[in-house]
Structure formats: structure tokens, C-alpha cells
Amino acid sequence: MRDLVAGMRYLGAGQRWVARHGRWWGFGLIPALIALVLYAGVLTVLALWAGDLAAWATPFADGWGSPWQGLLRGLFVALLFAGGLTLSVLTFTAVTLLIGDPFYESLSQKVEESEGHCPPGPDQPLWRELWTGLRDSVHVLLRAAGFGLLLFVLGFLPFLGQTVIPAIGFCVSGFFLAVELTSVAMQRRAVPVRERLRLLRGRKALAVGFGTPLVLLFLVPFVAVVLMPGAVAGATLLVRDLVPDQQPPSGADGDEVAGAGPVAGSGTAPASWPASQGQPHQPLPAPPAPPGPSGPASSAARPPAGW
């Protein structure tokens, strides 16, 4: 329950961050507006051609009389458009992040800098980053589609299909939406998509608390556009706590530095030395010569040969 509330707080913190930085909020609106225009065009075409698609998909009903033919094809049109809307909600974030990769990368970086430290990120050309983002988004969407198909089948169960299954569906959509939104900050830390899924599966309530309110809000027209910059900012704040930054420790002079091996002259065995072997053999140092009169030390004061 604590993680569920924490996820909602990250969502609110992201919206507050962009509210305090209005210029960055406007900057983050640009790719969301582009995606909105594209989706509006596709849904408009779908609405205009839905009747023809219904007639093409149900040729067996051509000879049916009224009102059964109209009811069947009207139901088909309603399900087709509802499916298009659901698919739009699930893919809007992925498409917006893909279109706005440079925008949201800059926004996420600014959020991290305002919090004190921003990881440098992998040194990759833009086309490589876009390809990685597209590949990861397809991976996540295929997983989400598998869960969606299962929940669609379970939706035909009496009572449960009309009450419990829709609630589970919103939570599943919220989880995968959180995976998509955290991808910007995760990519900067070179966390692969499978590891992202593993990390968020370990904190399911945190991901659901962050993503499910967004799924519900994204169902309202134009809300997704307004909230998208704050959603990216909140996901960045979430990743900062979910994946602690691993900075190399700055050792003092003469101390061992991470990855540099043992300090010279310490006599410590390398880390790869087998424990069963003990310490490697090292010759003993010669003992210091005893104090004597000034001038060359006598032969008696020298260490015996072979010491």
C-alpha cells in the first residue's frame, strides 16, 4: 500500500515540477501535440470507414432482415471504434516518446540536474537512440498485447468479466505505461528493457500507483497532451530512487580506487587470486642494518647472504 501511494506522489511531483518550470512544460507539449494530430486523423478515418468495414467483415448478414442486420453491424462498429480508442491509449505514450525523444531526453536531463546529479548517459548517435527506443517500445507493447488478449477472453466470464477484470485491465495498462514513461531515464543509465521490466515487477505497486491514474486520465480527450511533460518528469524522479546512481568512490591519496586494483606495495593478493591458494609467495625484505660508526658498514653489520 505504501508503494501504491508513493507512485501517486511521484506523478504529482512530476506535475509540480513542470508547473514550476513553465518553459519546459511548453517544450514537452510539442511532441504530444504532434502525436495528437496523428491519432485524431487516424480515428477520424476509422469513424468514416467503420460502416464499410463492418459490412465487409459480416457478409453473412447481407440477407438478414431489420433490425438484426443493423444491430449486428452497429455492435461491430462500436467494438471496432472502442478497440481503436483502447489501442490509442496504449500506444499514445510510446509513439509520443518516439517522436519526442530529443525533447523528453532534454526534459528528463533537466529534471535530474535540478535534483543534483545527472548521469552522463551512453554516447550514441540519435538514430541509434531512436532505433533502441522503437525496439524497446515494440517489446513492451507485445507483452501488453498478450495480457490484453487474455483479459479480453476473461471479460466474457459472468460477473467477474464486468467487475474485476476491467479493474485488473486498468492496473495492467498502468504498469506498462509506467514502463514506457521510465524508459527515458532508464536508457540514460543503460538499463536494458528486460531489466526495466524486472525492476518494476519487483515494485509492482509503485508502477501501478504511478501509471494507473494516468491511464484513467488519458481517457479524457486532450488530457494526455497536457499531462505528458509532467508524466515524464515524474517518471524521471521515480527512476532516481528505483535505480540508485552508482558513482565511483573518490578515494584519498594512497587509497585503493574502485577498479584500479590493490595499492602498489600493499602485499595484498589480487581479487582474482583463489582463496584456497592463500597469498602468493613473495620474498621477505632484507632487515635494516644495525646502527654503527659512520663510514662504510662492516661486514658483520651486513645481512647474511641468502637472508
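The values are calculated or read from the model by the stated rules, or taken from the named source; none is laboratory data. On a predicted model such as this, the values are computed, not experimentally measured, just so you know. Don't worry about glycine lacking a Cβ; one is built from the backbone with ideal geometry, like all the others, and counts go over all protein chains shown. The accessibility values were calculated without ligands, DNA or RNA, using every heavy atom of the protein model including side chains. Shrake-Rupley method; radii C 1.70, N 1.55, O 1.52, S 1.80 Å.
Consider the range 151-164 and keep the residues that are in a helix (DSSP H, G or I) and modelled with pLDDT under 85. The one that is least open to solvent (accessible area, probe 1.4 Å) is Gly161.
Contact annotation: residue pairs with Cβ atoms under 6 Å, 6 or more positions apart or on different chains, pairing a residue in the range 192-218 that is open to solvent by 80 Å² or more (accessible area, probe 1.4 Å) with a partner that is in a helix (DSSP H, G or I) and not aromatic (Phe, Trp, Tyr), are Arg203/Asp3. Of all residues in the range 45-68, exactly one satisfies the criterion of being among the acidic types (Asp, Glu) and assigned to a helix (DSSP H, G or I), namely Asp52. Out of Arg188, Arg196, one residue alone is out of contact with any helix residue (DSSP H, G or I) (no Cβ under 6 Å at 6 or more places or on another chain) and among the charged types (D, E, K, R). It is Arg188. Quickly run through the range 4-54 and pick out the residues that are of a type in the set (S, T, N, Q) and in contact with a helix residue (DSSP H, G or I) (Cβ under 9 Å, 6 or more places away or on another chain). Correct list: Gln15 only. Filtering Val95, Val111, Val138, Val89 for residues that are farther than 22 Å from Val18 by Cα and in contact (Cβ under 8 Å) with a residue 40 or more places away in the chain leaves a single hit, Val89. Filtering the range 78-116 to residues that are within 18 Å of Glu129 (Cα to Cα) and among the aromatic types (Phe, Trp, Tyr) leaves Phe103, Tyr104.
Annotation note: of Gly63, Gly84, Gly12, Gly100, the sole residue that is open to solvent by less than 40 Å² (accessible area, probe 1.4 Å) and more than 22 Å from Phe210 (Cα to Cα) is Gly84. Set side by side, the residues Gly121, Gly83, Gly74 differ, and just one is farther than 28 Å from Trp25 by Cβ and at pLDDT below 80, which is Gly83. Taking each residue of the range 36-65 that is closer than 23 Å to Ala224 by Cβ and looking for partners that are open to solvent by 40 Å² or more (accessible area, probe 1.4 Å) and not in a helix (DSSP H, G or I) with beta-carbon atoms closer than 8 Å, six or more apart or interchain, yields Leu36/Phe222.
For the range 162-169, the condition holds for at least one residue, the condition being that it is more than 23 Å from the chain's Cα centre (by Cα) and closer than 18 Å to Met8 by Cα. Check off (1) under 13 Å from the mean Cα position of the chain (by Cα); (2) more than 16 Å from Tyr104 (Cβ to Cβ); (3) at pLDDT below 90 for Ser183 and give me the number that stays unchecked. Going through (1) under 13 Å from the mean Cα position of the chain (by Cα); (2) more than 16 Å from Tyr104 (Cβ to Cβ); (3) at pLDDT below 90 one by one, Ser183 breaks only (2).
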